[in-house]
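Colleague: Have a look at the structure that comes next, please.
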Amino acid sequence: MSKTQIKKVLVANRGEIAVRIMRTCREMGIRTVAVYSDADRTMPHVLYADEAYHIGPSASAQSYLVMDRIIGTARKARADAIHPGYGFLSENASFAQAVSDSKLVFIGPSPSSIKAMGDKTEARKLVEKAGVPTVPGTPAVETVKEAFDFCKTVTLPVLIKAAAGGGGKGMRVVHRLDELESLFQSAQSEAKTAFGDGRVFIEKYLENPRHVEFQIFADALGNTIHLGERECSVQRRHQKVVEETPSPIVDADLRRRMGETAVAAAKACNYRNAGTIEFLVDRDRKFYFLEMNTRLQVEHPITELRTGLDLVALQLRVAMGDPLPMNQEDVEFMGHAIECRICAEDPHNNFLPSTGTIVHLKPPQGPGVREDRGIDVHGEISVYYDPMIAKLVAWAPTRSDAINRMTRALHEYEILGVKTNIPFCLFVMGHSAFRKGDYDTHFIPNYFTPEKLESPTHEQMEAFASVATLLHSNTRYSSPSVVPKHGSATTKNWKEQRFRNMRGADG
């Protein structure tokens, strides 16, 4: 791969990950281009970028997922490269190929690697050839009869999974044969709706596993390393809520073996740039390949805090053709880091999303605390996108100190206008199973009920009510009436107008 100079990057995403990518670009002297939908006209990533372009209506299918429009915008802005972030088009091989065909740099893996690892059944075949252990399972199955035939060869339960997706979509656990047909059909239907591909496959369901993933990095010269593991077992609806590194169950020997396996899996598809190999670990600490995410992960900040590395900077340098600046033995691990995904959802009501406008937001501060956020006061949590507000990260020299620091930070976090999962995150930090490191992917069904959530004190309720009343009655801090249309000059003017609005009429 020849060296390429990147001077301007279009970030094909929104929210906190767009802002996070732009921050590193600014440090590296790289100009940034934001894209935004109707619903995102006043979002921080639009303000932060050097240029901002409108790409369509609020629905992602008409904006952030329209490949031609995003690539056309990049060419119009004279960008050199596109960073996909995570979600949306980040693991779409056709998009990566279209970016390359347009003579732009795709900041991520090659289209062939994305395609190879995007189909879970094909990924299983590929890593098995490289000697990577996998859970016993099937190739893609199309009929209920095929599903029945496999279920007769293993002990129930089994897991039906979408072949072309993730995030818990198209996933069903089968405990009895008499429920197989209905669950098979519902999994197919959900997979078709979510990914446009109704194919499913079946795996033996591991009871009470741990979900442990390894961050890998590879350059175009064939150098591949791992940056340690992340424990991701606190999940709701198969989606991660709390992550930590290192994992409480991974010792030096297991880390070495899992790390070597993760590197082998990445090399099996000639991988380059950032990626994550996800494993399930059973009660006997045997580990099995789950899937590969061919992109930057939501939880990458905890790896950054533990290694001292900027993963986005590494992504950019690898995309420009630079070799990795370190070998495996050069990677140093320091302390312990925990991330809580702060989401607009109601833990009292099955974690249902909570929409609305944020009227007050005060993030925590202090040593060892990092907050990655893509929404500000007056920002709206809409029905169009994921309800995550921010990622709150705490680092400390020891695990117990990191838990205590995260607990303190969660108590400091103030958000009014929508319900949040902060009470649930506090529940996790305080639970004995989490504090002992003795938990698995069934943490929520095993330990959590809404009645166990910490209730605010009378003084806190009075303070919240006073703040809410004050904010609703104060019209000086209104949202800006000027919104960007396109281009850097308009964005700059909007930033100045918004600053005046935030300071007030007499500011």
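Colleague: If the Cβ limit is 9 Å and pairs must be 6+ apart or interchain, which residue in region 182-197 that is of a type outside the set (Phe, Trp, Tyr) pairs with which residue that is part of a helix (DSSP H, G or I) and crowded, with 19+ Cβ neighbours inside 10 Å?
Modeller: Filtered contacts from region 182-197: ASP197/ALA191.
Colleague: As an exercise: evaluate PRO325 against (1) without any contact (Cβ under 8 Å) to a residue 12 or more places away in the chain; (2) touching a Leu at 6+ places or on another chain (Cβ under 9 Å); (3) not in a loop (DSSP other than H, G, I, E, B) and give the number of the one condition it does not meet.
Modeller: Of (1) without any contact (Cβ under 8 Å) to a residue 12 or more places away in the chain; (2) touching a Leu at 6+ places or on another chain (Cβ under 9 Å); (3) not in a loop (DSSP other than H, G, I, E, B), only one is false for PRO325: (3).
Colleague: Within region 332-339, is even one residue of a type in the set (D, E, K, R), part of a strand (DSSP E or B), within 21 Å of PHE88 (Cα to Cα) and under 21 Å from the mean Cα position of the chain (by Cα)? Show your work before the answer.
Modeller: The initial filter retains those residues of region 332-339 that are of a type in the set (D, E, K, R), namely 332, 339.
Checking which are part of a strand (DSSP E or B) leaves us with 339.
Now restrict to residues that are within 21 Å of PHE88 (Cα to Cα): none.
Looking through region 332-339, none of the residues is of a type in the set (D, E, K, R), part of a strand (DSSP E or B), within 21 Å of PHE88 (Cα to Cα) and under 21 Å from the mean Cα position of the chain (by Cα).
Colleague: I've got another one for you. For PRO133, state whether it is crowded, with 19+ Cβ neighbours inside 10 Å, in contact (Cβ under 8 Å) with a residue 60 or more places away in the chain and under 29 Å from the mean Cα position of the chain (by Cα).
Modeller: On the way: crowded, with 19+ Cβ neighbours inside 10 Å: no; in contact (Cβ under 8 Å) with a residue 60 or more places away in the chain: yes; under 29 Å from the mean Cα position of the chain (by Cα): yes.
So PRO133 does not fit the description; no.
Colleague: Let me ask another. Which of the numbered conditions does SER90 fail, given that it passes all the others? Conditions: (1) in contact with a helix residue (DSSP H, G or I) (Cβ under 7 Å, 6 or more places away or on another chain); (2) buried (at least 20 other Cβ atoms within 10 Å of the Cβ); (3) closer than 30 Å to TYR205 by Cα.
Modeller: Of the numbered conditions (1) in contact with a helix residue (DSSP H, G or I) (Cβ under 7 Å, 6 or more places away or on another chain); (2) buried (at least 20 other Cβ atoms within 10 Å of the Cβ); (3) closer than 30 Å to TYR205 by Cα, the odd one out for SER90 is (1).
Listed here are the residues, each with its yes/no results for (1) buried (at least 21 other Cβ atoms within 10 Å of the Cβ); (2) farther than 28 Å from PRO109 by Cα.
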| site | (1), (2) |
| --- | --- |
| LEU324 | no, no |
| GLN328 | no, no |
| SER354 | no, yes |
| PRO367 | no, yes |
| ASP376 | no, yes |
| ASP386 | no, no |
| ILE389 | yes, no |
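Colleague: So which of ILE82, ILE70, ILE114 is aliphatic (A, V, I, L, M), out of contact with any Gly (no Cβ under 6 Å at 6 or more places or on another chain), in a strand (DSSP E or B) and under 19 Å from LEU296 (Cβ atoms)?
Modeller: Of the residues listed, the single one that is aliphatic (A, V, I, L, M), out of contact with any Gly (no Cβ under 6 Å at 6 or more places or on another chain), in a strand (DSSP E or B) and under 19 Å from LEU296 (Cβ atoms) is ILE82.
Colleague: For region 402-459, which helices (runs of 4 or more DSSP H) that fit wholly inside it have 3 or more residues that are of a type in the set (A, V, I, L, M, F, W, C) and under 25 Å from the mean Cα position of the chain (by Cα)?
Modeller: Values: elements: 422-430, 432-436, 443-447.
Passing ranges, in order: 422-430.
Colleague: Run down GLY196, GLY168 and say which single residue is within 22 Å of the chain's Cα centre (by Cα), farther than 24 Å from ILE277 by Cβ and modelled with pLDDT under 95. First the steps, then the outcome.
Modeller: Details: GLY168 fails: farther than 24 Å from ILE277 by Cβ.
Testing whether each residue is within 22 Å of the chain's Cα centre (by Cα), farther than 24 Å from ILE277 by Cβ and modelled with pLDDT under 95 leaves just GLY196.
Colleague: What pairs come up if the first residue lies in region 226-248 and is without any contact (Cβ under 8 Å) to a residue 12 or more places away in the chain, the second is hydrophobic (A, V, I, L, M, F, W, C), and their beta carbons are under 7 Å apart, counting only those six or more places apart or on different chains?
Modeller: Taking only residues 6 or more apart or on different chains, not a single pair turns up.
Colleague: Between residues in region 362-378 that are under 24 Å from GLY85 (Cα atoms) and residues that are among the hydrophobic types (A, V, I, L, M, F, W, C) and part of a loop (DSSP other than H, G, I, E, B), which pairs lie under 6 Å by C-beta distance while being six or more apart or on different chains?
Modeller: VAL377/ILE358
Colleague: How many of the residues making up region 178-206 are touching a helix residue (DSSP H, G or I) at 6+ places or on another chain (Cβ under 6 Å) and surrounded by fewer than 19 Cβ atoms within 10 Å (Cβ to Cβ)?
Modeller: Count: 1.
Colleague: Where residues in region 39-53 are touching a His at 6+ places or on another chain (Cβ under 8 Å) and under 22 Å from MET388 (Cβ atoms), which of them is surrounded by the fewest Cβ atoms within 10 Å (Cβ to Cβ)?
Modeller: Applying the first criterion (touching a His at 6+ places or on another chain (Cβ under 8 Å)) to region 39-53 yields 41-42, 51-53.
Applying the additional criterion that residues be under 22 Å from MET388 (Cβ atoms) yields 41-42, 52.
On the way: ARG41: 17, THR42: 20, ALA52: 28.
It comes out as ARG41.
Colleague: Which of the numbered conditions does LYS240 fail, given that it passes all the others? Conditions: (1) over 23 Å from LYS204 (Cβ atoms); (2) touching a Cys at 6+ places or on another chain (Cβ under 7 Å).
Modeller: The failed condition is (1).
Colleague: Continuing with the same structure: Could you please tell me which pairs satisfy a Cβ distance under 9 Å, a separation of 6+ or placement on different chains, a first residue in region 382-401 that is at positive phi and without any contact (Cβ under 8 Å) to a residue 40 or more places away in the chain, and a second residue that is assigned to a strand (DSSP E or B) and surrounded by 20 or more Cβ atoms within 10 Å (Cβ to Cβ)?
Modeller: none
Colleague: Looking only at region 340-381, which residues are within 22 Å of THR24 (Cα to Cα), β-branched (Val, Ile, Thr) and assigned to a strand (DSSP E or B)?
Modeller: Within region 340-381, just VAL369 meets the criteria.
Colleague: Limited to region 2-58, what total is found for residues that are on the phi > 0 side of the Ramachandran plot and either assigned to a loop (DSSP other than H, G, I, E, B) or assigned by TED's automatic domain parsing to the domain that holds LEU324 (or both)? So that I can check it myself, show each step before the final result.
Modeller: Let us first name the residues in region 2-58 that are on the phi > 0 side of the Ramachandran plot, namely 15, 29, 56.
Pick out the ones that are also either assigned to a loop (DSSP other than H, G, I, E, B) or assigned by TED's automatic domain parsing to the domain that holds LEU324 (or both) and you get 29.
Final tally of qualifying residues: 1.
The values are calculated or read from the model by the stated rules, or taken from the named source; none is laboratory data. This one's a predicted model, so the numbers in the text were calculated from it and none came from an experiment. As a convention, Cβ positions derive from the backbone with ideal geometry for all residues, glycine included, and neighbour counts pool all protein chains shown.
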